[in-house]
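Okay, so here's the structure we're looking at.
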């Protein structure tokens, strides 16, 4: 089922935007589907080999895409700045439109959502609003409120973008790197965003949840995961040693093991290993 990069078009913010995406993994439509939601500076390409590795290990189907403003999707217009509700817009406007455009009927066959950082927040907002349309959530270093450590690290990243080589490194993964970086950086450093909090909203989540974070995460503390567990009882928490903000880069094998076990348990389907035995 693995494809090259494809493009679809969806209406958003009074214009048509192109979204790059790729299908990965199993050809068996009876296997679970995992939709990958990237971080605040991420894209389809920045996931690198992790989505493919997960699809192969778990024998699942995968769908990876770049949100508008990222990767090779339509860039953010230079005159447009994301507002405090930008994650809600991605969750409640862009994601449903994208899934529909590529033929995913989430109400008939709910997918798993695997979100990293901002992508984790988007996954939770979508799952709370469309409770019957999600089979399970895998959240990597998600945000449910803003912490001082987040702001401090994002301010440091701004300096690195302006003064060091961060811009050139990110430019490999984005058609318009300034669109991607400043859309994210400006809103996170906007004083109005300090009050952003989705703890009340995520109480609407009804699917199984696995929340994972590195103990050395420079963008948030483990209180993020505890807050999710308080609002969504039954949430499984995994704190990884020797791991910063990106578990799929710092602890890929440990992460794969945990995610595969979670998907198999939540989907009630046998793993490839079990079926081959």
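Checking the structure you have, find out if any residue of the stretch 196-205 is outside any loop (DSSP other than H, G, I, E, B), over 18 Å from the mean Cα position of the chain (by Cα), touching a residue at least 12 places away in the same chain (Cβ under 8 Å) and closer than 28 Å to residue 135 by Cβ. Yes, that holds for at least one residue.
Condition check for residue 260 on (1) touching a helix residue (DSSP H, G or I) at 6+ places or on another chain (Cβ under 7 Å); (2) closer than 25 Å to residue 33 by Cα; (3) surrounded by fewer than 17 Cβ atoms within 10 Å (Cβ to Cβ): one failure, at (3). In a residue-by-residue description of the stretch 162-170, the property of being touching a residue at least 24 places away in the same chain (Cβ under 8 Å), surrounded by 14 or more Cβ atoms within 10 Å (Cβ to Cβ), within 20 Å of the chain's Cα centre (by Cα) and at negative phi applies to at least one position.
Run residue 81 past the list (1) closer than 14 Å to residue 7 by Cα; (2) surrounded by fewer than 22 Cβ atoms within 10 Å (Cβ to Cβ) and report the number of the one that doesn't hold. Of (1) closer than 14 Å to residue 7 by Cα; (2) surrounded by fewer than 22 Cβ atoms within 10 Å (Cβ to Cβ), only one is false for residue 81: (1).
Here is a check on your reading of the model: is residue 174 in a helix (DSSP H, G or I), surrounded by 16 or more Cβ atoms within 10 Å (Cβ to Cβ) and either touching a helix residue (DSSP H, G or I) at 6+ places or on another chain (Cβ under 6 Å) or without any contact (Cβ under 8 Å) to a residue 12 or more places away in the chain (or both)? Considered against the rule, which asks whether it is in a helix (DSSP H, G or I), surrounded by 16 or more Cβ atoms within 10 Å (Cβ to Cβ) and either touching a helix residue (DSSP H, G or I) at 6+ places or on another chain (Cβ under 6 Å) or without any contact (Cβ under 8 Å) to a residue 12 or more places away in the chain (or both), residue 174 comes out as no. Within the stretch 41-57, the set of residues being part of a loop (DSSP other than H, G, I, E, B) and buried (at least 24 other Cβ atoms within 10 Å of the Cβ) comprises 42, 43. Only one entry in 73, 107 is crowded, with 24+ Cβ neighbours inside 10 Å and at pLDDT 95 or above, namely 73.
For residue 234, the criteria (1) in a helix (DSSP H, G or I); (2) in contact (Cβ under 8 Å) with a residue 12 or more places away in the chain; (3) more than 18 Å from the chain's Cα centre (by Cα) hold in every case but one, which is (1). When residues in the stretch 140-161 are screened for being in contact (Cβ under 8 Å) with a residue 24 or more places away in the chain and assigned to a helix (DSSP H, G or I), 9 of them pass.
Scanning the stretch 53-69 for residues that are farther than 15 Å from residue 32 by Cβ and over 15 Å from the mean Cα position of the chain (by Cα) turns up just one, 53. Considering the conditions (1) part of a loop (DSSP other than H, G, I, E, B); (2) in contact (Cβ under 8 Å) with a residue 40 or more places away in the chain; (3) farther than 26 Å from residue 48 by Cβ, residue 97 is excluded by exactly one of them, (1).
For every residue, the table says whether it meets (1) within 16 Å of residue 33 (Cα to Cα); (2) assigned to a helix (DSSP H, G or I); (3) free of Cβ contacts under 8 Å to residues at least 60 places away in the same chain; (4) touching a helix residue (DSSP H, G or I) at 6+ places or on another chain (Cβ under 9 Å).
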residue: 107; (1), (2), (3), (4): yes, no, yes, yes
residue: 114; (1), (2), (3), (4): yes, no, no, yes
residue: 123; (1), (2), (3), (4): yes, yes, no, yes
residue: 138; (1), (2), (3), (4): yes, no, no, yes
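Quick check, is residue 251 under 22 Å from residue 130 (Cβ atoms), touching a strand residue (DSSP E or B) at 6+ places or on another chain (Cβ under 9 Å) and either modelled with pLDDT of 95 or more or surrounded by fewer than 16 Cβ atoms within 10 Å (Cβ to Cβ) (or both)? Here the answer is no, as residue 251 does not meet what is asked.
Scanning the stretch 37-57 for residues that are under 17 Å from residue 266 (Cα atoms) and in contact with a strand residue (DSSP E or B) (Cβ under 8 Å, 6 or more places away or on another chain) yields 54, 55. The set of residues in the stretch 1-30 being more than 13 Å from residue 71 (Cβ to Cβ), assigned to a strand (DSSP E or B), free of Cβ contacts under 8 Å to residues at least 60 places away in the same chain and under 21 Å from the mean Cα position of the chain (by Cα) consists of 23, 24, 25.
The values are calculated or read from the model by the stated rules, or taken from the named source; none is laboratory data. Computed from a predicted structure; not experimentally measured. Heads up, the Cβs are rebuilt from the backbone with ideal geometry, glycines too, and the neighbour counts pull from every protein chain shown.
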